[in-house]
Amino acid sequence: MRIVLFDIDGTLVLTGGTGQRALDGLFEERYGVADAFACVDPHGRTDRSIVRQMIEHHLARPADNAEIDAIIDAYLPRLADELTIAPGYRVMPGAAALVAELAARDDVVLGLATGNVERAARLKLGRAGMADYFAFGGFGCDDEDRAALTRAAVRRGRDRAAPDARAYVIGDTVLDVCAANAADARCLAVLTSGADPDALAREGAAAVIPTLDDRDAVLRFLDLVP
Ligand SMILES: [Mg+2]
């Protein structure tokens with residue numbers, strides 16, 4: 001049995017700036033701050049750490065956890081609305097077919113390792129009909145730190161597979177690679193969001209491929225080729 005954990009943004013789908021628009025609208029309404037998201041580099045970050053950074057940057061004070069919880073709660077319906085209309089939403093090349101193929105195998109336990117809180121993760125995948133392939137995961141609501149949520153995903157995968165099951169992470173940023181390595185998982189990095197392949201390799205990506213369209217390379221990486 002193998003545990004295969006997918007990142008979402010930039011790996012499975014691009015949501016066309018929906019998260020940014022949802023948070024920008026919220027910060028404008030709540031705090032009177034326009035374009036609040038511009039201070040954040042969201043790549044590989046968790047939802048909670050993004051919101052924390054936005055509060056601390058724009059309001060010049062620490063954010064408390066209850067305030068972050070309230071913002072995430074208000075963010076979710078806005079995200080759902082944005083997702084229904086976002087013209088820039090797209091599924092990454094090869095992602096839908098690969099996920100469907102892996103989900104149908106009985107030697108793979110399929111999960112998520114994403115900085116999105118779980119409800120946001122399921123909304124983002126839901127538009128493409130991909131949410132139900134993932135029965136479990138590690139999410140931005142488990143921990144603000146990506147390594148910690150990835151460890152949670154591996155632990156949950158091993159509960160479903162076997163205590164010594166090998167774990168793999170498929171992601172698109174250096175933070176995915178570092179989190180995978182901290183969680184005893186091998187990371188396959190994809191270049192679909194424009195990351196620097198040398199940086200991904202330097203941080204310890206076990207393999208780097210252009211897109212998930214290279215099904216055979218993914219299956220080889222996962223040691224699923226007979
Ligand atoms: Mg990503």
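Using the 2.2 N^0.38 Å rule of thumb for compact globular proteins, work out how the stretch 18-85 stacks up: its C-alpha Rg over that value, please.
Details: Rg = 11.1 Å, N = 68, 2.2 N^0.38 = 10.9 Å.
Dividing the Cα Rg of the stretch 18-85 by 2.2 N^0.38 Å gives 1.01.
Mind pulling the per residue volume of the convex hull built on the Cα atoms of the stretch 105-157? Å³ is fine.
66
Got a number for carbon plus sulfur as a percent of the stretch 18-85's accessible area, 1.4 Å probe? Kindly include the intermediate steps, with their values, before the conclusion.
Values: 1610 of 3270 Å².
It is 49 percent, rounded to a whole number.
Taking the chain as a Gaussian network, Cα atoms linked when under 10 Å apart, which of Ala179, Ala189, Ala104 shows the biggest mean-square fluctuation?
Highest fluctuation of the listed residues: Ala104.
Round to a whole angstrom and tell me the spacing of the C-alpha centers of the stretch 206-221 and the stretch 39-75.
34
Order the peptides 11-17, 158-164 from the highest to the lowest mean number of other Cβ atoms within 10 Å of their residues. Before the final figure, lay out the partial values.
Details: 11-17: 21.6, 158-164: 13.0.
Listed from highest to lowest mean packing, they are 11-17, 158-164.
Within the stretch 55-72, name every residue whose backbone N is under 16 Å away from a label modeled 7 Å from Cα of Ala148 along the Cβ vector.
Correct set: 63-69.
Between beta-carbons, use under 12 Å as the cut-off and find the net charge around Lys124, counting Lys and Arg +1, Asp and Glu -1.
-1
At 7 Å along Cα-to-Cβ for each site, give me the label-to-label distance between Glu101 and Val225 in nm.
Simple spin-label model gives 1.1 nm for this pair.
Could you give the alpha-carbon Rg of the stretch 147-217 over 2.2 N^0.38 Å, rounded to two decimals? Walk me through the numbers on the way to the answer.
Values: Rg = 12.3 Å, N = 71, 2.2 N^0.38 = 11.1 Å.
The value comes to 1.10.
Show Tyr31, Tyr133 ordered by accessible area, largest first, where the area counts protein heavy atoms only and the probe is 1.4 Å. Spell out each step's value before the answer.
Details: Tyr31 55, Tyr133 90 Å².
Ranked from most to least accessible, the order is Tyr133, Tyr31.
Tally Lys and Arg at +1 and Asp and Glu at -1 over the other residues with C-beta under 12 Å from the C-beta of Asp145: what net charge comes out?
Numbers: positive: Arg45, Arg48, Arg52, Arg146, Arg151; negative: Asp142, Asp143, Glu144.
Surrounding charge for Asp145 is +2.
Give the span of the stretch 13-153's Cα atoms along each principal axis, as three whole-Å numbers ordered largest to smallest.
Between the extreme Cα coordinates on each principal axis of the stretch 13-153 lie 50, 34, 22 Å.
Around Gly94, what is the net charge, scoring Lys/Arg as +1 and Asp/Glu as -1 over all other residues with Cβ under 14 Å from its Cβ?
Neighbour charge sum, excluding Gly94 itself: -3.
The values are calculated or read from the model by the stated rules, or taken from the named source; none is laboratory data. Quantities reported herein were computed from a predicted structural model and do not represent experimental measurements. With ideal geometry, Cβ positions are generated from the backbone for all residues, glycine too; neighbour counts draw on all protein chains shown. Note: areas computed on protein heavy atoms with side chains; ligands, DNA, RNA excluded. Shrake-Rupley method; radii C 1.70, N 1.55, O 1.52, S 1.80 Å.
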